[in-house]
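Okay, so here's the structure we're looking at.
The values are calculated or read from the model by the stated rules, or taken from the named source; none is laboratory data. Everything numeric in this text was worked out from a predicted model, so none of it was measured. Virtual Cβ from ideal backbone geometry, glycine too; neighbours counted across all protein chains shown. SASA here: full protein model, heavy atoms, side chains in, ligands and nucleic acids out. Shrake-Rupley method; radii C 1.70, N 1.55, O 1.52, S 1.80 Å.
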Amino acid sequence: MAKKTRRKVNTLSTVQGYAVLIVLLIIPVLFSYFYFNGRVVIDIPEGCGWYATREWDLNYYDCAVGSNQYKVDQLWEQESPHKRQDDQGFQKLYGRYLIACTQTFGEVGDKIDFLMSDGTVLKCIIYDSKSQKKTYYDQHPADKWGHNDGAVVLEFVGTAALEDNPYKNLGLQKEHTVRAIRYDNILDD
C-alpha cells in the first residue's frame, strides 16, 4: 500500500503572487497614467471622451510663426495633397489624425494613440492644446480631460464635411475613449 504524503503548499510565494497581482491592478487605478516600454499610458476616467468635435480647417488657419504648432503645420504642408486629407474631411500628417486635446495627453507634435471602447485605435498627432484657463478667446476652458467636464477629449482638425461629432464619421458614435498611449514627438526628429 502506497504511503499518502501531503504536498507542502508554499504559502509565502502564493501570498507574494497575490500581492504583486493586486499592486499591478491597483497602481493604474490610483494614477491616471503610467509608463510601459518607454511610452506614457494614460487611462481615461469613465464618463469622459464620449464626444468629439471638429476644430478648424488647416487650409484657412494661421498660427504663430516659430511655434511648435507652426512647425507641425509646415510638415503638414510638405505632405502631398492626397495624403493631407482623407475623403471624409479629416486632416492628417503621416497617416495620423491631427487633433487638439489638453496637455494631460502631451504636447504639440506628440504622436498619440487613443484606444476606443470597442478596441479601435485612433492614431493621432497633437496639433493644438486646448485652453484650460478662461481667456478672452475661450470663455469655456477645458478641465484636465477636455471640454464639458471631459466629455469632449478629442477635437479633430478637418473640413466642414466632418459631422458635429466626428465619431459619427468614423462609425464610433456609441464608443468612447478609454486609454491614450503617447509615443515620441515628431518635432524631435
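Here are the numbers:
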{"read-out": "Where a residue in the range 178-189 is of a type in the set (G, A, S) and its partner, wherever it lies, is open to solvent by 50 Å² or more (accessible area, probe 1.4 Å), with Cβ under 9 Å and at least six apart", "value": "A180/Y33; A180/L115"}
{"read-out": "The range 139-167 - residue that is at pLDDT 90 or above and open to solvent by 70 Å² or more (accessible area, probe 1.4 Å) and, of those, nearest to T53 (Cα to Cα)", "value": "N148"}
{"read-out": "The one condition in (1) open to solvent by 40 Å² or more (accessible area, probe 1.4 Å); (2) over 17 Å from C48 (Cβ atoms) that Q132 fails to fulfil", "value": "(2)"}
{"read-out": "Y136, sole failed condition from (1) modelled with pLDDT under 90; (2) assigned to a strand (DSSP E or B)", "value": "(2)"}
{"read-out": "Near pairs, Cβ below 6 angstrom, 6+ apart or cross-chain, from the range 51-73 (assigned to a helix (DSSP H, G or I) and modelled with pLDDT under 80) to any residue that is of a type outside the set (V, I, T) and open to solvent by less than 70 Å² (accessible area, probe 1.4 Å)", "value": "L58/Q91"}
{"read-out": "Which numbered condition K123 misses (of (1) of a type outside the set (V, I, T); (2) open to solvent by 70 Å² or more (accessible area, probe 1.4 Å); (3) closer than 23 Å to E77 by Cβ; (4) more than 14 Å from the chain's Cα centre (by Cα))", "value": "(4)"}
{"read-out": "Pick from the range 168-189, criterion touching a Gly at 6+ places or on another chain (Cβ under 8 Å) and polar (S, T, N, Q), ranking: most open to solvent (accessible area, probe 1.4 Å)", "value": "N169"}
